[in-house]
Amino acid sequence: MKRKIAVLACAWSTYFVKDFINGMMRATKDKNVDLYIFNAYNYTEYSGFLNYTGFSIFNLIHYEDFDGIIILSDLIGNPRILEKERQKIIKAGKPAITINKALNALSCIRVDNYTGLYEMMQHLIKVHGVKDFAYVAGRENSVDISERYKAFRTALTDNQIELKMEQVYSISTCDYHCAYSFFEKFIADKKTFPQAVVCANDLIALALLKVAIKNGIKVPSQLKIIGYDDISYTCALKPSISTVKNNTEQVGYEAVNRVLEGGEETHHLKINSKPIFRDSCGCGEEQAEDENLLMLETLDDANRKEEFDTQIEVISEIFTEAVDVFTILTNVETYFAKSHTFEGSDFCIFMKSDWTSVLINSAENLPQDWTYGSQVQSISSIQNNIKYPREMISTRDLIPEKMKSDESTIFLFLPIYHHSYVHGYYVSKNNLAMIDNHYGYQWTRNFGNSIEHFRKKNMYKQMSQQYLKLSTKDALSGMLNRAGLEKLAKPFFAQNKKNGLTTVLFFVDINRMKSINDGFGHLHGDLAVKTVAAAVMETVPKNWLCIRYGGDEFLVVGNSRNYNGEDYCYKIKERLAKKTSVMHLPYVLSVSVGTYNVPSQSPLTLEQAVENVDSLMYTQKQEYHKNN
C-alpha cells in the first residue's frame, strides 16, 4: 500500500522550498511514497491587515490519513497556527519532523546557518584583511536570519573587531526590490560603503551588486559583497557573488527518511552549511559550469513571467465579463482545457459545494470562514491534458481517484480565497511551476479577487435592480409608475422590435372615477384604483409591464412571445366583476379597455402607440357613458 507524507509549507522562500522539495523527491524515489505539499502565503493587505487566511489550506489535512508529517515551521512562522497544527499531529499519533524551528514533542532537523557564514567572515578577515563591515537583513523574524546575524557578530568579536551598530541595516523584507531601493537611497544620501557588506541572502547581495556597478563602485577592489543561499544567479554574473551554501536539498532528503523510519527524536540534527568563495570577495575559486545556460534560463524566466501575466489577465476577464454563474463555470472550464501551461497537465480547481450560492450572496462582505465543508466540486479538471467532467468529491479525499498513480507522486495544494473567506483550492500533480517566482501566490490571489469582483458586481446589480424597482413602483397600485414607462417600458418596446416581436398594448380607464371620489371620498377612490390594478395584474402574463399611467388610467405593455390573441379587454372586465361581486361596494366599479398591436417593423414610437390605444379606449369610454 502506498504511503503518504503531508508537508506544511510557506513558499515565500522560493529557492529554499524548491531545493527542499527536490531533496524529498530524491528520498521518495522508488519507495512507493506520495508527497502532499500544502502550501500557503501570508501577506499584508493594502489596509495594513496581516492576512493569514492562506494557512487555511492546512484545514484540509486529516493527519490520521498520513504516514508522516513534515512542517517547514520556520517559514510558516505564525506561533498560533503552528501550535494548532502541533496539537492535531500529536493527537493523530503520527511521526512528524519540524524544520529549523523546534516544536514541543516533535522531532526537529535544523539547517546550520551559523557555521558557513562564520567561516566566510573568518576568510574575509584572515585572508583579505577586512576590518570594516556592514550587515543588511530584512525584518523577517526567522531562525535562519537570526543565526546568520549571530555568526556575523561572533566572528567580529572573536577577531576583536568593533561591531558598528550604525552599519547594521534592517530593511523591510529580504527581497531584491526592497534591497535595491535601499541601496539606491544609500548612494543618493552620499553615504560611503565599508570594505565589505554581508547580506542576509543572495537577493540582497544581487541588488547591491547592481547598484555598485551602476555607480562605478568596483567589486571586489572597492567593495566586497557577501550573500547567502547560493542561488543560481550568483555564479552566472561577472563578478560572481561569494555566498554560503545551505544544503537544503539534503535537509529534505533527511526529513523524509527519518519521518518514514519513525525513529527517535532528532532535535539536535543539523545539516552543515559551507562558504563558496567567488569574485565578489576577491577569490573567484568557483565559476558556473555553463554561464550561457544560466543566462538563457534567466531570459526564459522573463518570457515565462510575461506569459504568466497574460494568463492572470485572462482569468480576471472571465469573471469580469461573465453575466451569470453558468457563464463563469462554462468559460473557466473551456479556458483551462486549452490553456494550462502553469497549472500543469494534471490539475483540479475545487470549490466548496455551496460556491455558486456564495457568488450571488448580496452581503457587503463575506464572513470569515477557513473551512472547506464535507464536499468540494471541481470547476476545472484536467488529467493528462484532457478535460474531464465536473465532479463532486469528499473533501477528505483531497484529489479525484483518476489523479492517483502507481509511481511516487507529488501533489501541490494551494488555497483559493479572498480576504478571510475560503472558496476552495487548486491541486496539481508532479508540477511545481506554481512555486517559481511566487506564481502560486499571484495565481490564487487573483483567482480569489476575481471571484469577489464578480460577487460584488452581482451585488451591485441586485442593488441597482432593487433601487430601480423601488424608484419605478407606484405605492398605491403596486404597478410601475410613470418613471417605469421611461426606464423599463421603452427599453422593453425597443427590445421587442429588435427581436421581431409584436408589441401588445392595453389601456385601462376606470369609469366615473370622479363620481366615486366626489360621492364616496378619496379612500374609496384609492380602493377603486387598487382593485382595478389587482384585476389587471392578475389577468395579463406575469412578464408583461403594468403601469399606472395616470390617476385612474393603466397601461399594459406586452409582446407576442406569450400572446395568442386572448381577449384581455374582456378578461380584465370579467376579473374585475368577480372581485367586486364580493366587496359590496356602494357604487359600480367598471373599466373601459382599449387594445392596440404594434408590429416590429412599425415606425411608431411607444408614445405614438400609446396615443392610439388611448383613443380606442376613449371611444369605448364614450360608449359606456352614453349607455349608463
Review point. Which of (1) under 43 Å from the mean Cα position of the chain (by Cα); (2) surrounded by fewer than 19 Cβ atoms within 10 Å (Cβ to Cβ); (3) more than 30 Å from residue 48 (Cβ to Cβ) is the odd one out, the single condition residue 218 does not satisfy?
Key: (1)
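Table: residues versus (1) modelled with pLDDT under 95; (2) of a type in the set (S, T, N, Q); (3) farther than 23 Å from residue 524 by Cβ.
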| residue | (1), (2), (3) |
| --- | --- |
| 583 | yes, no, no |
| 587 | yes, no, no |
| 592 | yes, yes, no |
| 596 | yes, no, yes |
| 603 | yes, no, yes |
| 606 | yes, no, yes |
| 609 | yes, no, yes |
| 616 | yes, no, yes |
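Residues in the range 63-79: is at least one free of Cβ contacts under 8 Å to residues at least 12 places away in the same chain and over 18 Å from residue 255 (Cβ atoms)? Walk me through how you get there before you give the answer.
The first filter runs over the range 63-79 and keeps only residues free of Cβ contacts under 8 Å to residues at least 12 places away in the same chain, leaving 79.
Checking the rest, the ones that are also over 18 Å from residue 255 (Cβ atoms) come to 79.
Yes, the range 63-79 contains a residue that is free of Cβ contacts under 8 Å to residues at least 12 places away in the same chain and over 18 Å from residue 255 (Cβ atoms).
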Check your understanding: Only one residue in 88, 94 is in a helix (DSSP H, G or I) and free of Cβ contacts under 8 Å to residues at least 60 places away in the same chain, so which one is that?
Key -> 88
Practice item. Kindly provide the set of residues from the range 357-383 that are open to solvent by 60 Å² or more (accessible area, probe 1.4 Å) and among the polar types (S, T, N, Q), ordered by number. Key: 357, 362, 365, 368, 371, 374, 375, 377
Practice item. Could you tell me which residue of the range 526-572 is farthest from the chain's Cα centre (by Cα), considering only residues that are farther than 15 Å from residue 493 by Cα and part of a strand (DSSP E or B)? Key: 553
Check your understanding: So, in the range 360-387, of the ones that are in a loop (DSSP other than H, G, I, E, B) and among the polar types (S, T, N, Q), which residue ends up modelled with the lowest pLDDT?
Key -> 362
**Study point:** Conditions (1) of a type outside the set (Lys, Arg); (2) in a helix (DSSP H, G or I); (3) touching a Ser or Thr at 6+ places or on another chain (Cβ under 7 Å); (4) at pLDDT 95 or above; number of the one not met by residue 35
**Key:** (2)
Practice item. Would you be able to tell me the number of residues in the range 388-427 that are open to solvent by less than 20 Å² (accessible area, probe 1.4 Å), touching a Lys or Arg at 6+ places or on another chain (Cβ under 7 Å) and assigned to a loop (DSSP other than H, G, I, E, B)? Key: 1
Review point. Restricting the search to the range 482-513, which residues are assigned to a helix (DSSP H, G or I), surrounded by fewer than 15 Cβ atoms within 10 Å (Cβ to Cβ) and modelled with pLDDT of 90 or more?
Key: 491, 494, 495, 498
Check your understanding: Listed residues 219, 127; which is among the β-branched types (Val, Ile, Thr) and touching a helix residue (DSSP H, G or I) at 6+ places or on another chain (Cβ under 6 Å)?
Key -> 219
Study note, to complete from the structure: Of (1) surrounded by fewer than 17 Cβ atoms within 10 Å (Cβ to Cβ); (2) under 24 Å from residue 16 (Cβ atoms); (3) of a type in the set (S, T, N, Q), residue 142 satisfies every one except (1)
Exercise for review: Identify the single condition in (1) over 29 Å from residue 125 (Cβ atoms); (2) aliphatic (A, V, I, L, M); (3) out of contact with any Ser or Thr (no Cβ under 7 Å at 6 or more places or on another chain); (4) modelled with pLDDT of 90 or more that residue 256 does not satisfy, given that it satisfies every other one.
Suggested key: (3)
Check your understanding: Within the range 13-67, can you find the residues that are within 18 Å of the chain's Cα centre (by Cα) and within 28 Å of residue 245 (Cβ to Cβ)?
Key -> 38, 39, 40, 41, 42
Check your understanding: Residue check, residue 316 against (1) of a type in the set (Gly, Ala, Ser); (2) open to solvent by less than 40 Å² (accessible area, probe 1.4 Å); (3) closer than 18 Å to residue 428 by Cα, all met but one. Which one?
Key -> (3)
Practice item. Considering each residue of the range 44-85, count those that are assigned to a helix (DSSP H, G or I), hydrophobic (A, V, I, L, M, F, W, C) and either open to solvent by 20 Å² or more (accessible area, probe 1.4 Å) or at positive phi (or both), and give that number. Key: 1
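The values are calculated or read from the model by the stated rules, or taken from the named source; none is laboratory data. Quick caveat, the model's predicted, so the values are computed rather than measured. Ideal geometry is used to build each Cβ from the backbone, glycine not excepted, and the neighbour counts take in all protein chains shown. Just so you know, the surface numbers come from the protein's heavy atoms only, side chains and all, with ligands and any DNA or RNA stripped out. Shrake-Rupley method; radii C 1.70, N 1.55, O 1.52, S 1.80 Å.
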